[in-house]
Amino acid sequence: MERSFLNRPLSVALDFARFGAALLVALGHAVQLGLYGGDFPFGVRMQHYCVTVFFVLSGLVIASSVSGGRSDLRRFAISRISRILPVAVPALLFGLLSAYVLAGAHHVPIDNSPEGAAEVAERFLPPLAFVSAWPGMPAPVWNPPYWSLCYEVWYYAIFALAFFLRGWGRYVATGLACLTAGPSILLLMPVWLVGVMLARGGLAWRVPLGTAPLVLVGCLWLVVQLFEVDMAVLIPLLKAWWPFELKWSVWAIADLAMALIMALAVMAVRPLVAAFEPQVMQLRGIAQALAGFSFTLYLFHWPLIQLMRSWGLGGTKSPLIFIGLLVCVVGACAAISVLTERQSPRLRRWMEARFPPRGNLPGGVLPA
């Protein structure tokens, strides 16, 4: 009997989905920043809804990783820190380096660079503490996509406190974390919790193999219908009744709808990949290689594209030239990942040795 919704073939499929979403975000931002000046059928909703994909996948993976008592608060914290910091810190530094040292003379009107040491610090330190998504906080230098990581880190913290702590301490700590995160970040948390819902109850909502293709077609139809009402109805509706600053949560109602559609699609994909498990598992290496630099691609593509534009590259109307430039961005991110994501296991091993379990320490005390 299966105990986990996230099985091996589904993990392979979702690795492809993770890379595909990161690639579409880079594609959309490349057009937005002027790397391509030709016709493009999609607007900002493409890259934004890809962030919804990341949130749902994140909730699914995190909830699956702690099921069955295989984790504790220490292991969870080490896992998340070693995953995030090797990419987030270099991305922030690369944005600064690109804007102040490597940039060319061509002015890019989107996301002007800060001026002066105080403003540089203001746009570096809050993102480093993952609070730049709070109302009134400035975005990091040359890296607007960083906002979603600031949201996600708070979801990790709130989930971990609620899941691992016991007694009154759980309620107090979780409540304080929610208050600290603020209403705008919490407004988008149901999107992330859709992934948790999949991990916890997905096995109870099985989609039969015979109807799975029809469900996927239905999900596509629902997405098209969502596109008809998201900007015209759902965003104005939220702005009308939400009393706080929305920040990056202005799409919250539409994002929740997209998250539910995606959850249904994932449930439909699961029996399909299980039916072709041998063939799917043959693609595991490719999927892991692509997903292995998707985080770097997400956090580094904007400063790379902005850097290219500052040197006068882009603005082309040739799809072939644009594809070539985009391939350069993706290839650069794959190379950079050797110094970012691929260092996560090393940092994790160091942290596990530096902060061993309580029972392994003399006298049963935590390290200072």
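Some points to look at:
- Criterion violated by Phe54 - all others in (1) aromatic (Phe, Trp, Tyr); (2) at pLDDT 95 or above; (3) surrounded by fewer than 20 Cβ atoms within 10 Å (Cβ to Cβ) satisfied: (3)
- Any hit, region 258-273, residues being small (Gly, Ala, Ser), over 25 Å from Pro190 (Cα atoms) and crowded, with 20+ Cβ neighbours inside 10 Å: no
- Meets criteria (closer than 21 Å to Phe5 by Cα and either within 25 Å of the chain's Cα centre (by Cα) or touching a residue at least 60 places away in the same chain (Cβ under 8 Å) (or both)) for Leu272: yes
- Filter result for the condition that a residue is surrounded by fewer than 20 Cβ atoms within 10 Å (Cβ to Cβ) and modelled with pLDDT under 95, over Phe40, Phe5, Phe16: Phe40
- Meets criteria (touching a residue at least 24 places away in the same chain (Cβ under 8 Å) and in contact with a helix residue (DSSP H, G or I) (Cβ under 7 Å, 6 or more places away or on another chain)) for Trp205: yes
- Criterion violated by Val131 - all others in (1) at pLDDT 85 or above; (2) more than 20 Å from the chain's Cα centre (by Cα); (3) not in a helix (DSSP H, G or I) satisfied: (2)
- Out of Leu209, Leu179, Leu203, sole residue that is surrounded by fewer than 18 Cβ atoms within 10 Å (Cβ to Cβ) and over 30 Å from Leu272 (Cβ atoms): Leu179
- Single match in Tyr146, Tyr100, Tyr156 (criterion: aromatic (Phe, Trp, Tyr), outside any loop (DSSP other than H, G, I, E, B) and surrounded by fewer than 19 Cβ atoms within 10 Å (Cβ to Cβ)): Tyr100
- When residues in region 205-232 are screened for being of a type in the set (A, V, I, L, M, F, W, C), part of a helix (DSSP H, G or I) and closer than 16 Å to Leu10 by Cα, 3 of them pass.
- Qualifying positions in region 12-49 - closer than 20 Å to Met197 by Cβ and not hydroxyl-bearing (Ser, Thr, Tyr): Ala13, Leu14, Ala17, Arg18, Ala21
- From the options Leu299, Leu237, residue that is touching a helix residue (DSSP H, G or I) at 6+ places or on another chain (Cβ under 6 Å), assigned to a helix (DSSP H, G or I) and either at pLDDT 95 or above or under 27 Å from Val44 (Cβ atoms) (or both): Leu299
- Residue identified as charged (D, E, K, R) and free of Cβ contacts under 8 Å to residues at least 40 places away in the same chain among Glu245, Glu228: Glu228
- If you go through region 168-208 and keep only what is under 30 Å from Glu2 (Cα atoms), aliphatic (A, V, I, L, M) and within 18 Å of the chain's Cα centre (by Cα), you end up with Met189, Val191, Leu193, Val194, Val196, Met197, Leu198, Ala199.
- Listed by first and then second residue, the pairs with beta-carbon distance under 9 Å, at least 6 apart or on different chains, first residue in region 116-136 and buried (at least 19 other Cβ atoms within 10 Å of the Cβ), second acidic (Asp, Glu), are Phe130/Glu152.
The values are calculated or read from the model by the stated rules, or taken from the named source; none is laboratory data. In this text, all values refer to a predicted model and were calculated from it rather than measured experimentally. Here Cβ is always computed from backbone atoms with ideal geometry, including for glycine, and neighbour counts include all displayed protein chains.
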